[in-house]
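The values are calculated or read from the model by the stated rules, or taken from the named source; none is laboratory data. Bear in mind that the values here come from a model prediction, so they are computed numbers and not experimental data. Methodologically, a virtual Cβ is constructed for each residue, glycine included, from the backbone with ideal geometry; neighbour enumeration extends over all protein chains shown. Just the protein is used for accessible areas: all its heavy atoms, side chains included, with ligands, DNA and RNA removed. Shrake-Rupley method; radii C 1.70, N 1.55, O 1.52, S 1.80 Å.
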Amino acid sequence: MRIAIDKDVCIGAGQCALTAPNVFTQDDEGFSQLLPGREDGGGDPLVREAARSCPVGAITVSENAGPQGGEDTPTDLRTLPRT
Ligand code: SF4
């Protein structure tokens, strides 16, 4: 899993850190950042929920390339049904 935070879009709402505190934190200015060693999400199922919870869509989650390789396909989590 690959997680990208668009810091130009992030407004520091903190929803990501509240939703998945084992992966996201906030820097000194309140903007989202990934915790050290959790750049791949650490297998935390709350990462996708955190991305969904971001009010400005600043978080993009994409899966790593499969066994045949190929491009990562970013997933727009706002279009996925809630589970
Ligand atoms: S929820 Fe979105 S806007 Fe809020 S801190 Fe996280 S990335 Fe930034």
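Data overview
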{"read-out": "Whichever residue in the stretch 1-34 is touching a Leu at 6+ places or on another chain (Cβ under 9 Å) and more than 9 Å from the ligand (Cβ to nearest atom) and, among such residues, is farthest from Gly57 (Cα to Cα)", "value": "Asn22"}
{"read-out": "Residues (open to solvent by 50 Å² or more (accessible area, probe 1.4 Å) and either within 16 Å of Ala4 (Cβ to Cβ) or more than 13 Å from the ligand (Cβ to nearest atom) (or both)) located in the stretch 36-55", "value": "Pro36, Gly37, Arg38, Glu39, Asp40, Gly43, Pro45, Arg48"}
{"read-out": "Search result, residues across the stretch 11-24 that are within 17 Å of Glu49 (Cβ to Cβ) and open to solvent by less than 70 Å² (accessible area, probe 1.4 Å)", "value": "Ala13, Gly14, Cys16, Ala17, Thr19, Ala20, Val23, Phe24"}
{"read-out": "Number of the exception - Asp28 against (1) of a type outside the set (A, V, I, L, M, F, W, C); (2) within 14 Å of Met1 (Cβ to Cβ); (3) open to solvent by 70 Å² or more (accessible area, probe 1.4 Å)", "value": "(2)"}
